[in-house]
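The values are calculated or read from the model by the stated rules, or taken from the named source; none is laboratory data. What you are looking at is a predicted structure, and each value in this text was computed from that prediction instead of being measured. Quick reminder, even Gly has a Cβ in these numbers, built from the backbone with ideal geometry, and neighbours come from all protein chains shown. SASA here: full protein model, heavy atoms, side chains in, ligands and nucleic acids out. Shrake-Rupley method; radii C 1.70, N 1.55, O 1.52, S 1.80 Å.
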Amino acid sequence: MDDLYRENILDHYKQPHRWGELAGADLEFEDFNPLCGDELKVQLKVDAENRVEDVRFSGHGCAISQASASMASDEVIGMPVEQLVRLDKGFILELLGIDISATRMKCALLSLKVLKSAGLGQSVAWESDAPPNAAEQGVTPPAS
């Protein structure tokens, strides 16, 4: 079963849904994962009832971060912004459908962080149980 989810992740990474810029976006936010350098920008268009009418994302990063953004962008269409800002890591992990290691958790959750930040209009913290990365711990990566 994991193979099906892995294939789906690779499909979303290679052919992301809702990729690009959104003209006339009402809400947007961008952020990055300081450990690996993944970057993500999300733009939201909301309707008169404050529901997500359209979404686009752009950036670069690993298959997990980009696939989770693609998958999440499909799911939030029609969602009230007040519901979007209450999403938790379970939302993303369920979409991915595979076990995510502690070192890859922030890659997976970058899309959630950026979506919620756009909805609130300010940066939100990482999910509380996402382990601190090397940059947050003050660890210098080994020279390559």
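Below is a table of values for the structure above.
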{"read-out": "Mean projection area, nm², convex hull over Cα of the stretch 12-131", "value": "6.6"}
{"read-out": "Label-to-label distance, nm, for residues given as Gln83 and Lys45 (7 Å Cα→Cβ offset)", "value": "2.0"}
{"read-out": "Carbon/sulfur fraction of accessible area - the stretch 12-101, other protein chains in place, 1.4 Å, %", "value": "45"}
{"read-out": "Cross-link reach list, lysines versus Lys45, counting only Cα pairs under 16 Å and skipping chain neighbours closer than eight places", "value": "Lys116"}
{"read-out": "Dipole of the stretch 1-130, positive direction: furthest Cα of Leu93, Cys107, Leu27, with charges on the beta-carbon", "value": "Cys107"}
{"read-out": "Exposure rank, largest accessible area first [Leu95, Leu40; 1.4 Å]", "value": "Leu95, Leu40"}
{"read-out": "Packing-based ranking, highest mean first, of 105-113, 50-58 given that Cβ atoms within 10 Å are counted", "value": "105-113, 50-58"}
